[in-house]
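The values are calculated or read from the model by the stated rules, or taken from the named source; none is laboratory data. Quantities reported herein were computed from a predicted structural model and do not represent experimental measurements. Quick reminder, even Gly has a Cβ in these numbers, built from the backbone with ideal geometry, and neighbours come from all protein chains shown.
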Amino acid sequence: MPDLTTRYLGMTLKNPIVPSSTPLTRDPDAPLHLEDAGAAAIVMHSLFEEDVRNDERMIDRFLIHPDAFGEASGHLPFSSGYESKLDRYLAQIEYLKGRLGIPVVASLNGDSLSGWVELGRELEAAGADALELNAWHMPGTVFETAGGVEDRYIALLTELKAVVRIPICFKLSPFFSALPNFVRRAEKAGAAGVSLFNRFFQPDIDLASMTVVDRAQLSTSADGLLAMRWIAILRGQTSITLAASGGIHNAPDSLKMMLAGADVTHIASSLLLNGPSLISQMLHDIEHWLVEHEYQSLAQLKGSMSQRNHPNPSAFARSAYLSAIDTFTPPAGVRY
Ligand SMILES: Cc1cc2nc3c(=O)[nH]c(=O)nc-3n(C[C@H](O)[C@H](O)[C@H](O)COP(=O)(O)O)c2cc1C
């Protein structure tokens, strides 16, 4: 059997299939089923800084200063046994660490210095093996600059690195003006890896109700091509972990990401659609493909089609766009 081991954030994993952050890790049993099916590590659902701050405000209002509410305080929604989202998250890390043999990566979605630093410290103390930072600041005004947003991310990472010892992975959005340079800066500031990319759920407008609606939209395999291109470009220019996230639904999707240079492949949509058996099926199919193509290990294959190793480096560059345009042919029967 081929050797499927791979490196992820300084850890050795038994294979490259890592469920990414989804609500599945809120469930007491689902993570155990993911491990049974062969998952090599697990990234937890995110702890959102906004939720933690909101809890803090409520606790302060209703528990610490209840007198301000007079008689109404008897009807307040909290008792002193109230468990905050942070308490629940920390308890879930401890529970998973007690039940799973695979690494548990905590996920933090925050936007402020105090959020990342204080919470990062708590997640480490609860036993997380690594920390995935969901770097998502939305520059909603015409005054914020790309450089300013990047500086902010790097400053947050630097502060966090000063207080936590576990490896840190940046989960990035695809919306960077110069992604390779940012990854280099993150590497220099101490990131152990980057996860490419976060998937954003875009608000939609419902014409019937004339409201803005939020819905989780699941991916298809075609969504993986964006991360595949950037991983191919980055491999060879960085030695930190490159984790592919987005559009990985089966063994071929995963193999292509690793040929481009990914160290691990995350799965979310496909796992939510198919359940844990997807993992064992993917591992079986990856092994079968490697045997059929005479690979002894994943390491042999990893990055062999990255931009640096590909005989035609422009395949991942701008010129690919020009040649792709020329491949378009009108569907049969359609006249313009
Ligand atoms: C229902 C759902 C919930 C998610 N929750 C989180 C989350 O809490 N934190 C996070 O960083 N990513 C979250 N994601 C994003 C996934 O971890 C993943 O990066 C993204 O969906 C792309 O992978 P996919 O194409 O396999 O779905 C969520 C995705 C889905 C579909």
* To do: Would you be able to say whether some residue in segment 29-38 is at pLDDT below 95, among the hydrophobic types (A, V, I, L, M, F, W, C), away from the ligand (no atom under 13 Å from the Cβ) and farther than 15 Å from Thr265 by Cα?
  => no
* Just give me the residues in segment 10-28 being touching a strand residue (DSSP E or B) at 6+ places or on another chain (Cβ under 7 Å) and within 16 Å of the ligand (Cβ to nearest atom), in sequence order. => Pro16, Ile17, Val18, Pro19, Ser20, Ser21, Thr22, Pro23, Thr25, Arg26
* Taking segment 112-136 as the search range and keeping residues that are assigned to a loop (DSSP other than H, G, I, E, B) and modelled with pLDDT of 85 or more, which one is farthest from the ligand (Cβ to nearest atom)? -> Gly127
* To do: Determine if segment 260-268 includes at least one residue that is within 14 Å of the ligand (Cβ to nearest atom), closer than 24 Å to Trp136 by Cβ, without any contact (Cβ under 8 Å) to a residue 60 or more places away in the chain and surrounded by 16 or more Cβ atoms within 10 Å (Cβ to Cβ).
  => no
* To do: Inspect segment 199-217 for any residue being within 16 Å of the ligand (Cβ to nearest atom), among the polar types (S, T, N, Q) and closer than 14 Å to Leu242 by Cα and give the result as yes or no.
  => no
* Within the set of pairs 6 or more residues apart or between chains, which connect a residue that is free of Cβ contacts under 8 Å to residues at least 60 places away in the same chain inside segment 145-170 to a residue that is polar (S, T, N, Q) with Cβ atoms less than 6 Å apart? -> Ala146/Ser177
* Asked: For segment 231-259, how many residues meet the condition of being of a type outside the set (Val, Ile, Thr), within 17 Å of the chain's Cα centre (by Cα), within 14 Å of the ligand (Cβ to nearest atom) and not in a strand (DSSP E or B)?
  -> 6
* Considering residues of segment 90-114 that are polar (S, T, N, Q) and surrounded by fewer than 20 Cβ atoms within 10 Å (Cβ to Cβ) only, the residue farthest from the chain's Cα centre (by Cα) -> Ser114
* Structure fact -> How many residues of segment 6-26 are touching a helix residue (DSSP H, G or I) at 6+ places or on another chain (Cβ under 7 Å) and either in a strand (DSSP E or B) or more than 22 Å from His45 (Cα to Cα) (or both)? The answer is 3
* Output for segment 179-198, where each listed residue is more than 15 Å from the ligand (Cβ to nearest atom) and touching a residue at least 24 places away in the same chain (Cβ under 8 Å) -> Leu179, Pro180, Phe182, Val183, Arg184, Arg185, Ala186, Glu187, Ala189, Gly190, Ala191, Ala192
* Please go through segment 317-336 and pick out each residue that is of a type outside the set (A, V, I, L, M) and under 16 Å from Leu226 (Cα atoms). => Arg318, Ser319, Tyr321
